[in-house]
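What follows is a single structure, written as C-alpha cells, with notes after it.
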Amino acid sequence: MSHQSLTFEGVESTDQINRITTALMMLDGVDSVEVGRYGAEVEGRARREALIKAVEQLKLKIKVS
C-alpha cells in the first residue's frame, strides 16, 4: 500500500471537503482518505493522476496539486 499527499487551494466549506472525500473513496485502489481544507492524505494503490482527476471533475473551483 502506498501513501500519497494532495495539496488544495480554495477549499472553503465542509460540503466541499465531504464531496472530495466521497470522490476519492469511490476510486478503485483507494483504501483510506483523510481530507482537510489544505489537502488530502490517501492510502492505497490508486494512481496520483486518477486522484487529481477525481477532484477536478467535481468542478469546485479549487486548485489541486
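The values are calculated or read from the model by the stated rules, or taken from the named source; none is laboratory data. Please read these numbers as outputs of a predicted model, since none were measured by experiment. Don't worry about glycine lacking a Cβ; one is built from the backbone with ideal geometry, like all the others, and counts go over all protein chains shown.
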- Task: Considering only the stretch 50-65, state which residues are modelled with pLDDT of 95 or more and surrounded by fewer than 13 Cβ atoms within 10 Å (Cβ to Cβ).
- Result: Gln57
- Query: Among the candidates Thr14, Thr22, Thr7, which residue alone is of a type in the set (Ser, Thr, Tyr) and either surrounded by 13 or more Cβ atoms within 10 Å (Cβ to Cβ) or touching a Leu at 6+ places or on another chain (Cβ under 7 Å) (or both)?
  - Reply: Thr22
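What are the residues in the stretch 15-35 that are of a type in the set (A, V, I, L, M) and without any contact (Cβ under 8 Å) to a residue 24 or more places away in the chain, if any? Even if it seems obvious, please write down each step before you answer.
Of all residues in the stretch 15-35, those of a type in the set (A, V, I, L, M) come to 17, 20, 23-27, 30, 33, 35.
Listed by number, the residues that qualify are Ile17, Met25, Val30, Val33, Val35.
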- Top-ranked residue in the stretch 1-18 [being touching a helix residue (DSSP H, G or I) at 6+ places or on another chain (Cβ under 9 Å) and not aliphatic (A, V, I, L, M); ranked as nearest to Val64 (Cα to Cα)]: Phe8
- Query: Name the pairs: first residue in the stretch 46-65 and within 16 Å of Gly10 (Cβ to Cβ), second residue at pLDDT 95 or above and of a type in the set (Val, Ile, Thr), Cβ to Cβ under 6 Å, at least 6 apart or on different chains?
  - Reply: Val55/Ile20; Ile62/Val11; Val64/Ile52; Val64/Val55; Ser65/Thr7
